[in-house]
There are 2 protein chains.
Amino acid sequence: MSMTELSGVRTFLLGLQERVTAAVAEVDGGDFITDAWQKEPGEPLQGNGITKILENGEVFERAGCGFSHVQGSRLPPSATQHRPELAGAPFEAMGVSLVFHPRNPYVPTVHMNVRMLAATPVSAGPAEAVCWFGGGMDLTPYYGFDEDAVHFHQTCKDALAPFGGDKYPRFKQWCDEYFYLKHRQEQRGIGGIFFDDFQELGLEQSFAMMQSVADSFLPAYLPIVRRRQSQPYGARERDFQLYRRGRYVEFNLVWDRGTHFGLQSGGRTESILMSMPPLASWSYQHRAEAGSPEERLYKEFLIRRDWV
Amino acid sequence: MSMTELSGVRTFLLGLQERVTAAVAEVDGGDFITDAWQKEPGEPLQGNGITKILENGEVFERAGCGFSHVQGSRLPPSATQHRPELAGAPFEAMGVSLVFHPRNPYVPTVHMNVRMLAATPVSAGPAEAVCWFGGGMDLTPYYGFDEDAVHFHQTCKDALAPFGGDKYPRFKQWCDEYFYLKHRQEQRGIGGIFFDDFQELGLEQSFAMMQSVADSFLPAYLPIVRRRQSQPYGARERDFQLYRRGRYVEFNLVWDRGTHFGLQSGGRTESILMSMPPLASWSYQHRAEAGSPEERLYKEFLIRRDWV
């Protein structure tokens, strides 16, 4: 992969961060703060990033969207399970990652991430870098609505359709498998799509697929926000939202590879933990009442289910 | 270790759980609920336990104290790093673990745990089981008070004194090293004592040391609760408490070996996560004001420091 191509990916990702945060700021009425950072010389990873976060907004209680671009001298083995020839190779990684926690319990929390990794095998020249893409998005409702789940999945499916009919079913299943809380035997939410290590369409088309997924994020999520953001709610719904946010914390800190290994390996803590909810609660043996909307969430939404 | 000796440890631990929860219920005015559980036949670990928890009390917002006693057919390698001859041996483990989250931000959160592990090397008879002890306690204030820290550490030191003057300094340092949030470069609190894999005094005296530590828990903690529980506070102190509780969540889910591996290996989730606070918050780049009590917590308390 050439420098020009890398710079094309960087330009796309920075633009994506701008577009997404501008659209969300407009929905919310509040502003994102922007925090540009740079790794100190001598740290194991070099690089820079831009963290954007909106806290305590009208619609979003906490909405973080980060761009990062790092270079390392030796690719960690965990990143190269399927490519042993790349272990220890110099690498470059960039991506945009976001988690939005809305205030209204009827609006679901959402996560989206797109990323690219390029590594140069030790024996090769710089033009022979190997490059792959990853990403996806998934939705975590507190109260389930079929039409929201169908819309979200349909938008994901449409974004992938130009790249082959096999992509949505594969990435939908991958998402269900990844966003699973084994210790609760629960899905994190209604899923979406997830892919990693992707280069099977060649560089240009694989990048195009990543862009298509990224560009479908706002159309997948904002209509749901608009539909639910003014729905009245009370203490019961707020309490359940706080309780369910505890699951989000559990997933991210216990199971999410990026978060867990990022924190353990010296990543930028405040950027990694932008995914944490603004407020979360725990209580012992919480049980949803039979026949309640809360029970319906568990039974009909937090399961592996075909939505489209 | 004989069956009689094992049953002596079990009796002590069950009594400890009773005494501690009774004393805390008296301070609080509320009641612990009691939940006895038993592992299902066919699960990898067999055994039973008693979970006691008080939620939404006057003094304690969430106070959990669990007893568990499990048997397994093969000791996991992680438990036998220093004893390769025991890998795969049948084992038995029991312990009491507690975390109390007070309502008033001037009252610190506390954690205590005592445990025993017995394993029978495959080549030996049941009477030749190898047995070791672990445990400790540590204090996590939201607002620092020197006299509380000194009292807590002095009580720990006194509990260990009959077992040799080296024990407190060793276990104090071990505690500082264990309860450290590497991703924040912060201590979890003011520490206390921590020991593991302990059998150097022989079975009888090692068990006696564990009992002495356990018995010193109420005298170490309750005087601090009584001193602070009626101190007036406002939204500022409450907000800081919720924010700092986020660190407790981060430590337990990311760094605490018992919690993390318990959840990943099929432990009883609701019992393991009794340590979670009832409510916790996150905010981006939270900064304590210069010269404030919140800044003083970071600078003077969340560091490795000799208190006695």
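Things to note:
- Relative to the dominant Cα principal axis of chain B, helix B:217-228 is inclined by about 10°.
- If the convex hull is drawn through the Cα atoms of the range A:66-210, its volume per residue in Å³: 127
- Across peptide B:182-191, the average count of Cβ atoms from other chains found within 10 Å of a residue's Cβ is 2.
- Couplings for the range A:257-262, taken from phi via the Karplus curve 6.51 cos²θ - 1.76 cosθ + 1.60 with θ = phi - 60°, read 4, x, 5, 4, 6, x Hz in order; Gly and Pro are left as x.
- Å² of accessible area per residue within the protein assembly as shown, as computed with a 1.4 Å probe and no ligands counted: 41
- Here the accessible area is traced with a 1.4 Å probe on the protein chains. For the protein assembly as shown, carbon and sulfur cover 52 percent of it.
- Short to long, the 5 Å bins of the Cα pair-distance histogram for the range A:1-72 hold 3, 15, 22, 19, 16, 12, 8, 4, 1 percent of all pairs.
- Mean sequence separation of contacting Cα pairs (under 8 Å, at least six apart), scaled by the length of the range A:43-157, corresponds to a relative contact order of 19 percent.
- GNM result for chain B, Cα springs below 10 Å: residue of B:Gly49, B:Gly189, B:Gly72 fluctuating most strongly: B:Gly72
- Modelled label positions at B:Arg238 and A:Ile303, each set 7 Å beyond Cα in the direction of Cβ, lie 4.0 nm from each other.
- Principal semi-axes of the equivalent ellipsoid, √(5λ) from the alpha carbon gyration tensor of the range B:179-248, are 33, 19, 6 Å from largest down.
- Eligible lysines near B:Lys52 by straight Cα distance, threshold 25 Å, same-chain separation 8 or greater: A:Lys182, B:Lys39
- Label 7 Å beyond Cα on the Cβ vector: A:Glu204 copy-to-copy distances, nm: 8.4
- Average projection, convex hull of the Cα set of the range A:244-284: 3.0 square nanometres.
- Distance distribution P(r), the protein assembly as shown, all Cα-Cα pairs, bin width 10 angstrom from 0: 3, 15, 24, 24, 19, 11, 3, 0 percent.
- Close amide H contacts of B:Arg103 (hydrogens built in the peptide plane, cut-off under 5 Å, sequence separation of 5 or more or a different chain): B:Phe60, B:Glu61.
- Calculated mean residue ellipticity, 222 nm, the protein assembly as shown: -11500 deg cm²/dmol, from DSSP H runs (n ≥ 4) at -39500 (n - 2.57) each, averaged per residue and rounded to 500.
- Per residue Cα convex hull volume in Å³ - calculated over chain A: 128
- Gap separating the Cα centres of the range B:187-214 and the range A:46-93, nearest whole Å: 41
- Projected onto planes of every orientation and averaged, the convex hull of the alpha-carbon atoms in the range A:28-123 covers 7.7 nm².
- Intensity falloff of the range B:157-301 expressed as log10 I(q)/I(0), Debye formula with alpha-carbon point scatterers, at q = 0.15, 0.20 Å⁻¹: -1.02, -1.43
- Rounded to 10°, Cα long-axis angle of helix B:146-160 versus longest principal axis of chain B: 10
- Taking both sides together, the accessible area buried where B meets A is about 3000 Å² for a 1.4 Å probe.
- Vicinal HN-Hα couplings computed from phi for the range B:57-63 (Karplus, 6.51 cos²θ - 1.76 cosθ + 1.60; Hz; Gly/Pro x): x, 5, 9, 10, 7, 7, 9
- For the range B:204-216, backbone phi angles converted through the Karplus equation (6.51, -1.76, 1.60; θ = phi - 60°) give residue-by-residue couplings of 5, 6, 5, 5, 4, 5, 4, 5, 5, 4, 4, 5, 8 Hz, Gly and Pro being listed as x.
- In the assembly of identical copies, A:Tyr298 has its label point, taken 7 Å from Cα in the direction of the beta carbon, separated from the corresponding points by 4.0 nm (ascending, one decimal).
- Shortest-first distances to equivalent copies, position B:Trp174, nm, label 7 Å out along Cβ: 4.5
- Closest approach to the A/B rotation axis among chain A Cβ atoms, residue and whole-Å value: A:Leu253, 2
- Cut-off under 5 Å, modelled amide H: who pairs with B:Thr109 long-range: B:Thr140, B:Tyr142
- GluC sites (Glu not before Pro), loop per DSSP, at most 16 other Cβ atoms within 10 Å - longest free stretch of chain B: B:59-199
The values are calculated or read from the model by the stated rules, or taken from the named source; none is laboratory data. Just so it is clear, the model here is predicted, and its values are computed rather than measured. In this analysis, Cβ positions are derived from the backbone assuming ideal geometry, glycine residues included, and neighbour counts consider all displayed protein chains. The protein model used for the area step is the full one, side chains on, heavy atoms only, and it has no ligands, DNA or RNA in it. Shrake-Rupley method; radii C 1.70, N 1.55, O 1.52, S 1.80 Å.
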